[in-house]
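Everything on this sheet refers to the single structure shown next.
Readers should treat all values here as calculations from the given coordinates under stated rules, not as data from a laboratory. None of these values were measured; they are calculated from a predicted model. Heads up, the Cβs are rebuilt from the backbone with ideal geometry, glycines too, and the neighbour counts pull from every protein chain shown.
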């Protein structure tokens, strides 16, 4: 390509500033000064550094751009408008309820891979996007723009370490070092040397430039492109509010739209900076390439190879199924935070080492990279101990907002892990995952259901979570049993059931034992395996509640709030049934698994007691 | 003090190894090799580097030790036994259900400040502990031991940045660089230069030593003590399993106890390393000092200065109350992640700058430092946007396990923030916080209740969370109204109420509007402000449910799972009442607050419709 005309880029930058001011003033909110510091970076990237087809933002070989500093959304929108994707006038619809030009970018927009607005996440996604280029053997490059305040987020350094480990030379970060945070100057302000030292120490090629110097930016992007074996970071020294004298470098302007008259004055000042007769900037397209979509027949997935009564931990069945799934679907990838021998994702690594990513003990980077991989067509399975997925809680929240196709897997759920103690027990993961309204939540109890549900997760288009357990449990399902998402299994029933017990995972076995105990006393109960916690099988639950006189007990190896009991309770509200919940209600301690399940109220004898208490309880407040 | 005898320390280290092997073999689980790499570090610290009274672990002037690599718990327990706190034989009770020597350390033990076992957290707490030394004007030093794999956690670098910012020269981290993670070698293995470069770049004084060389370790701790103006880190190059030839530096031994015969052989090998006739090691005590406990009379807290109808955002009332509270309680401190002008914690900073800590955009470090401060007697209020507290989800989980006295505050809850869009909306924070069983959860709707609840939070001994809102809302309570934790307010009631509507925060106003609309149709409803979400006022709710024919509707600016509706539902289960929950049920978008509340089903008209539907619904499944 020919070198872009600097006057042309200068005008692009000026118009990006004008558009950012106009849009935020029209919306009466937003972050114009944050956009203004980044205007030259955006102009140099969109009309010089990047190769992409602006009419086809999802082209698999386009260079990618991630706005990690999501509050600069207006300048992102303005750049795409400048590139011709949509009319510039639409920018004035910023933040309206009927516009996809939201306050912070979301994938409702065709040119956004992952939602940003929670700082330090975009760079993690960019690592995943860059890993994906290798997976699909594309030459695309990945650019990600951060703010300098954002570098305080530890996830940035997790991503930096992973980027260096995988020698992601197709990845180029840009930090808009305007020196001002939301409420005060940033920790390092404009100490470019100190900032560069951090990136260099993390193995990156760091370039310090004047972020308003267009030729210097273009040269930096070329230097990054030419750097092999490590990612590059362009540290752009800028001024917040650049281009308008009354705003430039001024604290106290973060997140404030200009009033109409202030905006008019600022725009007039900027318009005077337009270079007359500059040529229109060229937009270089990506190399032409056609790609056939991947067709996968999940029916070719091998059936689980267990017989009833075999002892197998669901976490192990997960690993077995994941390795098999990888054999029939090349889009499937796995990510690990150095616990692959506990989660059994090592079986995937052994079978498909080129699609296995070791991020080490960095759960935020793991989930963030998975989001980026998913945004570009992979089907990522990041897994770790379920309790440590809370480390990525904010990423999981943003994964929901991003509508990404990520399959989270958390092992070692609940007190049933035993002696390692509470720090290793996930007892809030169901609450965390269920709170994301578009997240499917699965919780198998045996090897067959675990394997089948891995395939179901893969076939689903969207965010999903599987909770697995540490102890071995007996296989109770035949290998031809199917486990549709949203379903459940009625494991015990009779025409004289006096109560419904809803369990999942390890408590299924406690419920079965309670059923047996009660049967010996001449009392029958219905036992349901609610392997699909979200969506939950409301119809089956309602039918069971009706058949058992409205007596329903839930039992889960999870804290009382936000888990299975709450899910069952809400599902049964329309039917007018109340649910008595057995759950862990205090901070547990170390001990043998069976002792802990009993001590914290979720063992068979507690279920028996709850059934008996529920039968004696007052009937509905309405009756 | 006199220099410790090296042969004495050598024997301490050897016995720490023996004890770690014996205890884990007896427990049949645990991490002996992780303990063995750290034996000299522990010996040099406990019998050379540190000044503390081993008979009084909570002495406010003791040097502090935090085991950030919590899986090395056996060596920590062995060190305290060696220092004389409890008999060495008790070490064999490791991981038993009746012993406080849990799999990972928790504050059930007198010498543990915060629970560890989720990596990368102990160093954040250590930053808070070091900040506390300044607060109480103590000369104690804070030591924290990390593993090298742990450095992959971004929170380590958040803590590093905060430690440098506050020039915490009383803080000394030690990294046990044994080069082996759980499942494979660590990313940087034994590349000590690369590791040192990272710490140096983050502003720390880094010392590389042979971690099995006792004189070198003692010298490093002295160098750290002599270093002013920045924290120090001792990078100790070690071998995992050091001391037993068959384990030394071998991968595949993480988290594995030795079998009985392996242990006997290993102990025999270690016993041969004991130096005959070495003196017993000295334990230097701390400087004698008595400290008077702080007595605070919260009754001197000024009353809120509002009149009914005043428009004030609860986030602003929070800031006002926090500043006032700081004036009467010197233990109160505040931490901010660069949003103090949005959360109004800037009012505290203005009044009490010496007790305000700016950690910048690093929510994990903020909550972790608060945990450390709380463990040493401060009453910390870390605050940020509620949605970004999910970034510290794993820390909040561990705060529960630590039983710490931290007061979390999250602003900008729910869709009612408006145009900034979903990335800035907390819609899962109630689920996250309620899932911690010992976390009090408060959600005021007006300025008076917000101010009063800040004082209630401070008076409570334990973890608490306050959720505040962005929009201004009218003051509805008189300034003499009290808001006990666990209470609620019945805002509307009559003898002919047909339904109970339970609301909190911004939805209180929607419920009041719905009540008015229905009244005009001749229908009366009861309206309850459930400002205490956990514990919730079960008695008042049950009485209301009974009085209104069991018709209960909850309405919350939160996702459906784990929030107010679930809390109300569980509280009413014993009374046999079902709850119809109005909540946000999809990923929201940007727009005006009122439009969003209406679009997502939590406005007055939806409450009216829900009341009408509930009255028409079938009665209980039991009736």
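Which of rounded, prolate, oblate describes the range B:370-465, given a ≥ b ≥ c as roots of the alpha-carbon gyration tensor eigenvalues and a/c under 1.5 marking rounded, otherwise prolate only if a/b is larger than b/c?
It is oblate, given that a/c is not under 1.5 and a/b is not larger than b/c.
So for the range A:1-155, averaging the separation of alpha carbon pairs under 8 Å that are six or more residues apart and normalising by length, what relative contact order in percent results?
Here the relative contact order equals 25 percent.
Between copies, how close do the residue B:310 label points come, placed 7 Å along Cα→Cβ, listed in nm from shortest?
6.9
How far is it, in nm, from the label point at residue B:328 to the one at residue A:134 when both lie 7 Å from their Cα along the line to the Cβ?
Here the answer is 6.0 nm between the modelled labels.
Using only the Cα atoms of the range B:286-443, build the gyration tensor, take square roots of its eigenvalues as a ≥ b ≥ c, and label the shape rounded, prolate or oblate: rounded if a/c is under 1.5, else prolate if a/b is larger than b/c, else oblate.
oblate
Based on the mean of other beta carbon atoms within 10 Å per residue, what is the order of B:603-612, A:32-41, most packed first?
So the peptides B:603-612, A:32-41, ranked by packing, come out A:32-41, B:603-612.
When every alpha-carbon pair in the range A:11-68 is counted, what percent end up more than 16 Å apart?
52 percent
Calculated from DSSP H runs of 4 or more alone, at -39500 (n - 2.57) each and per residue, what is the 222 nm mean residue ellipticity of the protein assembly as shown, nearest 500?
Calculated from helices alone, the mean residue ellipticity at 222 nm is -11000 deg cm²/dmol.
I need the fraction of alpha carbon pairs in chain A separated by more than 42 Å, rounded to a whole percent.
Tail of P(r) above 42 Å: 33 percent of Cα pairs.
So what's the angle, to the nearest 10 degrees on a 0 to 90 scale, between helix B:154-165 and the longest Cα principal axis of chain B?
80 degrees
Pairs of alpha-carbon atoms within less than 8 angstrom and 6+ residues apart define the contacts here; what relative contact order does the range B:428-569 have, in percent?
30 percent
Pull up the DSSP beta bridges for the protein assembly as shown and report the antiparallel fraction as a percent, rounded to 5.
About 15 percent, rounded to the nearest 5.
Rounded to the nearest 0.05, what FRET efficiency do residue A:613 and residue A:460 give with R0 = 41 Å and r taken as the Cβ-Cβ distance? Could you check?
0.60
Quick one: with label points 7 Å out along Cα→Cβ, list the inter-copy distances for residue B:546 in nm, shortest first?
3.1
How much of the DSSP bridge set in chain B is antiparallel, in percent, rounded to the nearest 5?
15 percent
Dividing the Cα convex hull volume of the range A:1-128 by residue count, how many Å³ per residue is that?
102 Å³
Give me B:350, A:242, B:546, A:69 ranked fewest to most by other Cβ atoms within 10 Å of their Cβ, as a rough exposure proxy.
Lowest count first: B:350, B:546, A:242, A:69.
Give me the angle, in degrees from 0 to 90, between the Cα long axis of helix A:393-402 and the longest principal axis of the Cα atoms of chain A, rounded to the nearest 10.
The angle comes out at about 70 degrees.
Quick check: convex hull over the Cα atoms of the protein assembly as shown, volume per residue in Å³, rounded to an integer?
Per residue, the Cα convex hull of the protein assembly as shown comes to 157 Å³.
With just the Cα atoms defining each centre, how far is the range A:164-218 from the range B:228-266? Give it in Å.
A separation of 38 Å, based on Cα centres.
Post the alpha-carbon centroid distance, the range B:80-148 to the range B:540-594, in whole angstrom.
Their Cα centres are 41 Å away from one another.
Radius of gyration and Dmax for the range B:130-207's Cα atoms, expressed in Å?
Gyration radius and largest Cα-Cα distance of the range B:130-207: 13.6, 44 Å.
How shielded is B:543-550 by partner chains, expressed as the average number of their Cβ atoms within 10 Å of its Cβ atoms?
Going residue by residue through B:543-550 and averaging, the value is 2.
Which residues in the range A:429-452 place their backbone N less than 15 Å from a point set 7 Å from the Cα of residue A:351 along the Cα-to-Cβ direction?
The answer is A:448, A:450-452.
Can you tell me, using C-alpha contacts under 8 Å and at least 6 residues apart, the relative contact order of chain B as a whole percent?
In percent, rounded to a whole number, it is 12.
Over the alpha-carbon set of the range B:262-325, divide Rg by the Kirkwood Rh and report the Rg/Rh ratio to two decimals.
The Rg/Rh ratio comes out at 1.56.
What percentages make up the Cα-Cα pair-distance distribution of the range A:94-225 when the bins are 10 Å wide from 0?
Going from the shortest bin to the longest, the percentages are 11, 38, 37, 13, 1.
At R0 = 51 Å, how high is the FRET efficiency between residue A:225 and residue B:210 if r is their beta carbon distance? Nearest 0.05 is fine.
Result of the calculation: an efficiency of 0.75.
Sorted from fewest to most neighbouring beta carbons within 10 Å, what does the list B:311, B:301, B:597 look like?
Ascending number of Cβ neighbours within 10 Å: B:311, B:301, B:597.
Mind checking the mean number of beta-carbon atoms from other chains within 10 Å of the Cβ atoms in B:95-106?
Average per residue, whole number: 6.
Once you treat every alpha carbon in the range B:450-598 as an equal point and sum by Debye, what is log10 I(q)/I(0) at q = 0.08, 0.09, 0.18, 0.21 Å⁻¹?
Here the Debye-derived log intensity ratios amount to -0.22, -0.28, -1.15, -1.47.
Order of B:204, B:253 from fewest to most other C-beta atoms within 10 Å?
B:253, B:204
For the range A:345-401, what does the alpha-carbon gyration tensor say about shape, rounded, prolate or oblate, given a ≥ b ≥ c as the root eigenvalues, a/c under 1.5 as rounded, and a/b over b/c as prolate?
oblate
Where the label is 7 Å out from Cα toward Cβ, how close does residue A:612 come to the same position in every other copy, in nm, shortest first?
Distances between equivalent label points, in nm: 4.8.
To the nearest 10 degrees, how steeply does helix B:122-135 sit against the main Cα axis of chain B, on a 0 to 90 scale?
80 degrees
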